[in-house]
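Everything on this sheet refers to the single structure shown next.
The values are calculated or read from the model by the stated rules, or taken from the named source; none is laboratory data. From a predicted model like this one, the values you see are computed outputs, not experimental measurements. Glycine also receives a Cβ, built like all others from the backbone with ideal geometry; neighbour counts cover every protein chain displayed.
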Amino acid sequence: MFNSALAIALFIGCLFGSYAYGFYMGGLWIDRGYYNSAYGRVYKGGDILGVFWGVLFGFFALSTSIPHIKAITEGKVAGKQTYDIIERVPNISPSSGKDIEVKGSIEFKDVNFYYPTRTDNMVLKNFSCTF
C-alpha cells in the first residue's frame with residue numbers, strides 16, 4: 001500500500017510541478033516581452049494558457065497509452081521469435097536426399113465431426129474426400 005501511495009504522490013507532485021513551471025515561464029515571457037513569431041507580437045496570457053492546456057491534454061492522452069506498452073513489447077518478442085524460426089538454417093539440406101515417389105491414396109467417406117466443447121454445432125456432416 002505504501003508503494004502505491006508513494007507512486008500517486010510522485011505523480012501528483014510532478015503534475016503540480018509542471019503546472020508551476022509552465023506558469024512561471026509563461027509569466028517571465030509576458031513580463032520580459034518575448035516575441036511570438038507565430039502571431040507577430042509579444043506573448044500574451046492567452047498564448048500561455050493555450051500552450052499550458054495543450055501540453056496538459058497531450059500529457060493525459062499520452063498517459064492513456066501506457067497500459068498498451070506491455071502488448072507492444074509482447075508483439076516485438078513474438079516477431080523476433082518468428083523471424084528466428086524463418087531465418088533458421090535446417091540441419092538437413094532438402095537437396096541431400098533422393099527423390100521419393102509416393103503411391104497410394106487416402107479416402108474419407110461420410111465423416112461427421114464436431115468439437116467436444118460445441119456438440120450442438122457439427123463442423124463436418126457426411127464429408128467425403130479422396131487424396
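May I ask you to list the residues in the stretch 27-49 that are modelled with pLDDT of 85 or more and among the small types (Gly, Ala, Ser)? Result: 27, 33, 37, 40, 45, 46. One residue is enough: does the stretch 75-91 have a residue meeting the conditions aromatic (Phe, Trp, Tyr), free of Cβ contacts under 8 Å to residues at least 24 places away in the same chain and closer than 30 Å to residue 14 by Cβ? Looking for residues that are aromatic (Phe, Trp, Tyr), free of Cβ contacts under 8 Å to residues at least 24 places away in the same chain and closer than 30 Å to residue 14 by Cβ, one finds none in the stretch 75-91, hence no. Those helices (runs of 4 or more DSSP H) of the stretch 1-105 in which at least 1 residues are touching a Gly at 6+ places or on another chain (Cβ under 7 Å), considering only elements entirely within it, cover 2-32, 45-63. Give the residue that is farthest from residue 16 (Cα to Cα), with candidates limited to residues of the stretch 28-71 that are exposed (fewer than 10 other Cβ atoms within 10 Å of the Cβ) and among the β-branched types (Val, Ile, Thr). Among those that are exposed (fewer than 10 other Cβ atoms within 10 Å of the Cβ) and among the β-branched types (Val, Ile, Thr), it is 69. Is it true that some residue in the stretch 86-104 is modelled with pLDDT of 90 or more and β-branched (Val, Ile, Thr)? Within the stretch 86-104 (the criterion being modelled with pLDDT of 90 or more and β-branched (Val, Ile, Thr)), the answer is yes, since at least one residue qualifies.
Does the stretch 98-112 contain any residue that is within 42 Å of the chain's Cα centre (by Cα), free of Cβ contacts under 8 Å to residues at least 24 places away in the same chain and within 27 Å of residue 130 (Cα to Cα)? Within the stretch 98-112 (the criterion being within 42 Å of the chain's Cα centre (by Cα), free of Cβ contacts under 8 Å to residues at least 24 places away in the same chain and within 27 Å of residue 130 (Cα to Cα)), the answer is yes, since at least one residue qualifies.
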